[in-house]
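Participant: Once you've had a glance at the structure underneath, I'll fire off some questions.
The values are calculated or read from the model by the stated rules, or taken from the named source; none is laboratory data. Bear in mind the structure is a predicted one, so any value in this text is a computation, not a measurement. Heads up, the Cβs are rebuilt from the backbone with ideal geometry, glycines too, and the neighbour counts pull from every protein chain shown. Remember, those area values only see protein heavy atoms, side chains included, never the ligands or the DNA or RNA. Shrake-Rupley method; radii C 1.70, N 1.55, O 1.52, S 1.80 Å.
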Amino acid sequence: MPDLSNRTSNFTDSVIRRMTRISNQYGAVNLSQGFPDFNPPQQILDRLAEVTREDFHQYSITWGAQNFREALAAKIKHFSGTDVNPNEELVITCGSTEAMMAAMMSVTNPGDKVIVFSPFYENYGADTVLSSAEPIYVPLNPPEFNFDPEVLEDAFRQKPKAIIVCNPSNPCGKVFTREELTVIADLAKKYDAFVITDEVYEHILYKPNVHTYMASLPGMKERTITCNSLSKTYSITGWRLGYVQANPEITDRVKKVHDFLTVGAAAPLQEAAVAGLRFGDEYYAALQEKYTHKRNLFLKGLDDIGLKHTVPQGAYYILIDISEFGFKSDMEFAEVLARNVGVGSVPGSSFFKEPENRYIRLHFAKKDETLNEALNRLSEIRKKIK
């Protein structure tokens, strides 16, 4: 038998999805993989029911249904102030995972370097490898997860093709300030690099933090490639509706990559999701209020238990410091936590380039009763993990 691909020889399965399987194995409350256990907005579900009886069961246009792209362009303009041509500057993808992969494959050549902040969402490292690019990791320093501009410029001096910015950040919940994004933008312009942003948590923010769109900064629309999805905003992670927003030269290339990767996103789901894209400001205000409540509930519960944790500025993830338990491996701790305590987590080492074993990641995109059950189980942690 011939050898398999060298490119993927060091790949493991997704640690996040592995922890979901371990959670299911032990009947643990799954706070590992970041999906809600509550329903999407009723208007979207009602429209989905109608769509099943209408004529949306065949391919849509490869890069997205016309009405979906038009509704999305209007939403982007409303929140970012950026004009978007729905026919030339948007490509609808199968989730933001494909959006990021298509963006990377469209702009990088084998051997190109790409800056990635650490900690990072696990797919970014894999995306660079699959694109035959080389990641340059720049640390975000806990507990605030700020970056050192000098260290970042040192990375840019290596002439990267692009930098990936997740804002708000998974897993640390950092929201990059306008000043920080301006530093990144200025370096990208100085060293002639693309900025690839992952903005899937754009509407899940905690006051006084605000989301600044990289493409809205002066001189950045042409070199910013925005990857985003509807998954988190409308609680439809299983629908796999994402998109790339970029200038026409880039999207023309992304369209071709996307066409051969997946052909197109699901036509019936695009049609149903248009209802969500047309929601008014009150929906997004209520979403922020809902997640602020969940964050406060969960943080208070962790404080009552006495577990050290980060305080997210955005997204819905918390890093718990497990140093007191004395485990050398956070993966072993996460498995013991699922088995003995009944709470599913993600070992923090899967997000860090640095040798980091003191964190696990939990998320709070769950019903109150689910979070309270998890907290009740965690209250026994010191008795069940010794």
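Participant: So, in the range 332-354, exactly how many residues are among the aliphatic types (A, V, I, L, M), assigned to a helix (DSSP H, G or I) and either modelled with pLDDT under 95 or in contact with a helix residue (DSSP H, G or I) (Cβ under 7 Å, 6 or more places away or on another chain) (or both)?
Facilitator: Selection size over the range 332-354: 3.
Participant: Here is a further query. Which of the residues spanning the range 184-224 are open to solvent by less than 50 Å² (accessible area, probe 1.4 Å), of a type in the set (A, V, I, L, M, F, W, C) and outside any loop (DSSP other than H, G, I, E, B)?
Facilitator: Ile184, Ala185, Leu187, Ala188, Val195, Ile196, Leu205, Met214, Ala215
Participant: Go over the candidates Leu277, Leu287, Leu297, Leu241 one by one and state the one that is at pLDDT 95 or above, more than 30 Å from Ala49 (Cβ to Cβ) and aliphatic (A, V, I, L, M).
Facilitator: Of the residues listed, the single one that is at pLDDT 95 or above, more than 30 Å from Ala49 (Cβ to Cβ) and aliphatic (A, V, I, L, M) is Leu297.
Participant: Moving on to the next point. Hey, can you tell me all the residues within the range 1-51 that are in a loop (DSSP other than H, G, I, E, B) and closer than 15 Å to Val346 by Cα?
Facilitator: Thr12, Asp13, Ser14, Ala28, Leu31, Ser32, Gln33, Gly34, Phe35, listed by residue number.
Participant: Closer than 28 Å to Gln43 by Cα, surrounded by 20 or more Cβ atoms within 10 Å (Cβ to Cβ) and of a type in the set (S, T, N, Q): does that describe Ser169?
Facilitator: no
Participant: A further question on this structure: Could you check how many residues of the range 279-294 are in a loop (DSSP other than H, G, I, E, B) and either surrounded by 12 or more Cβ atoms within 10 Å (Cβ to Cβ) or polar (S, T, N, Q) (or both)?
Facilitator: So the answer is 1.
Participant: Just wondering, is there one or more residues in the range 74-96 that are surrounded by 17 or more Cβ atoms within 10 Å (Cβ to Cβ), among the hydroxyl-bearing types (Ser, Thr, Tyr) and touching an Asp or Glu at 6+ places or on another chain (Cβ under 8 Å)?
Facilitator: yes
Participant: Could you list, in sequence order, the residues of the range 305-323 that are small (Gly, Ala, Ser), open to solvent by less than 60 Å² (accessible area, probe 1.4 Å) and either more than 20 Å from the chain's Cα centre (by Cα) or on the phi < 0 side of the Ramachandran plot (or both)?
Facilitator: Gly306, Gly314
Participant: Okay, next question. Given the residues Val51, Val15, which is the only one that is touching a residue at least 40 places away in the same chain (Cβ under 8 Å), closer than 30 Å to Asp330 by Cβ and either surrounded by 18 or more Cβ atoms within 10 Å (Cβ to Cβ) or among the aliphatic types (A, V, I, L, M) (or both)?
Facilitator: Val15
Participant: Can you go through Leu302, Leu297 and tell me which one is at negative phi, of a type in the set (A, V, I, L, M, F, W, C) and open to solvent by 10 Å² or more (accessible area, probe 1.4 Å)?
Facilitator: The conditions single out Leu297.
Participant: Which of the residues spanning the range 128-164 are assigned to a helix (DSSP H, G or I), in contact with a helix residue (DSSP H, G or I) (Cβ under 9 Å, 6 or more places away or on another chain) and open to solvent by 10 Å² or more (accessible area, probe 1.4 Å)?
Facilitator: Within the range 128-164, Leu130, Pro149, Glu153 qualify.
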